[in-house]
Amino acid sequence: MLEKDLKKVIEGVYPFHMPGHKRNPRWTEGLHALDITEISGADDLHAPKGIIAAAQGRATALYGTVSTIFLTGGSTCGILSAIWATCRQGDKIIIGRNCHRSVYNACMLRGLNPCYLYPEVEPRLGCFGKIQPAALAAALEESGAKVVVVTSPTYEGIHSDIKALARLVHGKGGILIVDAAHGAHLGFKDYFGPSPRDLGADLVIESAHKTLPCLTGAALLHICSHRVSYRGLQEALGIFETSSPPFPIVASIDRAITALGGEDIFTPYVGLLEDFYTAAEGFKRLSLFSSGSFDRGKLVISTCGSSISGFELKKRLLEDYKIETEMAMPNYTLAMTSPADSAEGFNRLLAALSEIDATLTAAPVIPSSAPPRLRAALPLGFAGDTEDIPVARASGRVAAEFVYAYPPGSPIIAPGEVFSAEAAEYIAALEEAGAKIYSSSSAFPKYLSVFSER
C-alpha cells in the first residue's frame, strides 16, 4: 500500500523541507476529519458568503490587504489566475527569467508575448538573485508591456527591491504581480524582511504551505491595490481552482491565520535560527549564506571551496543522519525552516553539519553560474510540428518543450528558444553534480523535442 510505503519513507527522518507544518500534530491534528463537500453551512470557496468568507475576512484584516483569497491549488493556481485576469490575448508581458514554470504556462494559455527580464546572478551560489530596477526600467521602455511578473523572494530567499520595481511599473500605468510563494511568513518580523504586500505590489501570491504551518496546497492570493478587478480574479479562479476545494486545506490556512493574529509564533522561531547561525560560525569548510536582502529563514548551506558538493551534502545528511533537506545545487544545500520546527530539529542538523564539516578539506573554488541566456526564435506559445532528436545533435535547433531542474522549477530552456552548446554544457554539469533534470516530454536528457524545420 502507498500509505505504508510513505510511512517507511518518513520514519525517523527530520523534515527540513516543505510543507511548513513539519508533521507537527499541533498544526495537522484533526484536519482529516474535515474532509467534506459543500454541505449546508460549510460555505463554498468559489462564492463564499458564510464561514469561509468570515475566515478570508480575518486574513484580509491581518494582512491589511484589499482582499485576501484562500487557494487550495497552491501558488500555481494563483499565478495562473492572476495573469489570466490582468492580460488579454496577444498582450506583451514582462516576466523574470527565473519565474516558476506556472508563469510560463499562464503565458502560453493566455496567448501572451513574454519579454524576459534577467535577474542578476548571485556569484557565491551560482543562482539567479534579485531583479535590478535599471533592468526593469529598460524592459518597460523597450516592450511597452503593462503587466510585470517577478519572483521575490527566490527559492534561496533573495529579495528584490519591490518598492522600486513597483514605482517603475506604476509610473508606466502597469500592474506588478509578485510570485512570493516562498514569502508567506514575511512582514511579521523585521528579521525576515518586509512582504511585497506592503511594498507596492498589486497582486501577491504566497504558498502558505511552504513557510507557514499549513497543509500542502494551501496558498494565498492577496489583492493589494484597486488596479486589479476582484471579479476578474474570481472568474479566473473558476477556471484554474478545482471545483471541489479540499476543506482540510482551507481549515489549515485559517488555523495558521488565527495563530498569527493571536500569538507570537515567530519570536521562539527567530531565537532558534539565531542560535543556529551563531553556532555555524564555527564551521571550517561549510558556511551559511547571508546578504543584506535575504530571508534568514532559509538555511542556504554553502559548500563552496570544500571537498563536498551541495548534492553530496544533501545525500550524506539523509543517509547518515536521517535529515531530509529541501534541495541541492552544485555549491549549496537548502534547508527550509518554519515556525513549526523544533529545537531538537535544529540541534540535530547542527550536530550533523558539524560532524561532516570536520571531515572536509579545502578544495579549489569552482565557478558556478546561472543558466545561460538563450535566443528566442519563436513565440513561447508557438504551435508547430515537432520531432524528438538526440540531444547531442540539438545545438542550433529551436526547443519545443521546457527543460528544467526540479526543484526549483524555473526553466533552463523554454519553448521557442534556440538550444545552444552552452545550454548543453550547463545541463551536463548539473547532471554530473547530481541534479535531476526534467522536460515536458520526459524524453530528456536522451532526446529533446524541437520544432521541425521542414
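Bear in mind that the values in this text are calculations on the coordinates, not laboratory data. Keep in mind that this is a model prediction, so the values were computed, not measured. Virtual Cβ from ideal backbone geometry, glycine too; neighbours counted across all protein chains shown.
Descriptive notes on the structure:
- Charging the Cβ of each Asp and Glu at -1 and of each Lys and Arg at +1, and nothing else, the dipole of the stretch 386-451 about its Cα centre rounds to 100 debye.
- Between the stretch 341-400 and the stretch 236-299, the Cα center-to-center distance that results, in Å: 24 Å
- Read-out Cα extents along the principal axes in Å, derived from the coordinates shown; its label in [x] 66, 62, 49; [y] 60, 57, 49; [z] 69, 55, 43: [y]
- Listed peptides 226-233, 2-9, 174-181 by packing density, highest first (mean Cβ within 10 Å): 174-181, 226-233, 2-9
- For the residue pairs Lys189/Lys298; Lys163/Lys298; Lys7/Lys189, the alpha carbons lie more than 25 Å apart in Lys7/Lys189.
- Contact order, relative form, for the stretch 386-451: 48 percent (alpha carbon pairs under 8 Å, 6 or more residues apart, mean separation divided by residue count).
- Here the ratio of the Cα radius of gyration of the stretch 25-262 to 2.2 N^0.38 Å is 0.99.
- Test item: Cα-centred dipole of the stretch 25-262, Lys/Arg +1 and Asp/Glu -1 on Cβ, debye: 400 debye
- Other-chain or far-sequence residues with amide H under 5 Å of Tyr447's (modelled H): Val391
- Ranked by how many other Cβ atoms sit within 10 Å of their own Cβ, fewest first, the residues Ile36, Ile249, Ile366, Ile205 fall in the order Ile36, Ile366, Ile249, Ile205.
- For the stretch 320-417, a simple Cβ point-charge model (Lys and Arg +1, Asp and Glu -1, everything else neutral) yields a dipole of about 420 debye relative to the Cα centre.
- The chain: calculated mean residue ellipticity at 222 nm from DSSP helix runs of at least 4, using -39500 (n - 2.57): -10500 deg cm²/dmol
- Linear extension gain, Thr386 paired with Ser291, 0.36 nm per residue minus alpha-carbon span: 29.8 nm
- The chain: relative contact order in percent, alpha carbon pairs under 8 Å with at least 6 residues between: 17 percent
- For the stretch 105-153, the gyration tensor built on C-alpha atoms gives an oblate shape. Its axis ratio a/c (a ≥ b ≥ c) is at least 1.5, and a/b is not larger than b/c.
- Kirkwood radius, the stretch 386-451, all distinct C-alpha pairs, inverse of mean reciprocal distance: 11.5 Å.
- Gyration tensor verdict on the stretch 69-134 (Cα atoms; rounded if a/c is under 1.5, prolate if a/b is larger than b/c, oblate otherwise): oblate
- Residue among Val403, Met108, Gly282 farthest towards the positive dipole end of the chain, charges placed on Cβ: Met108
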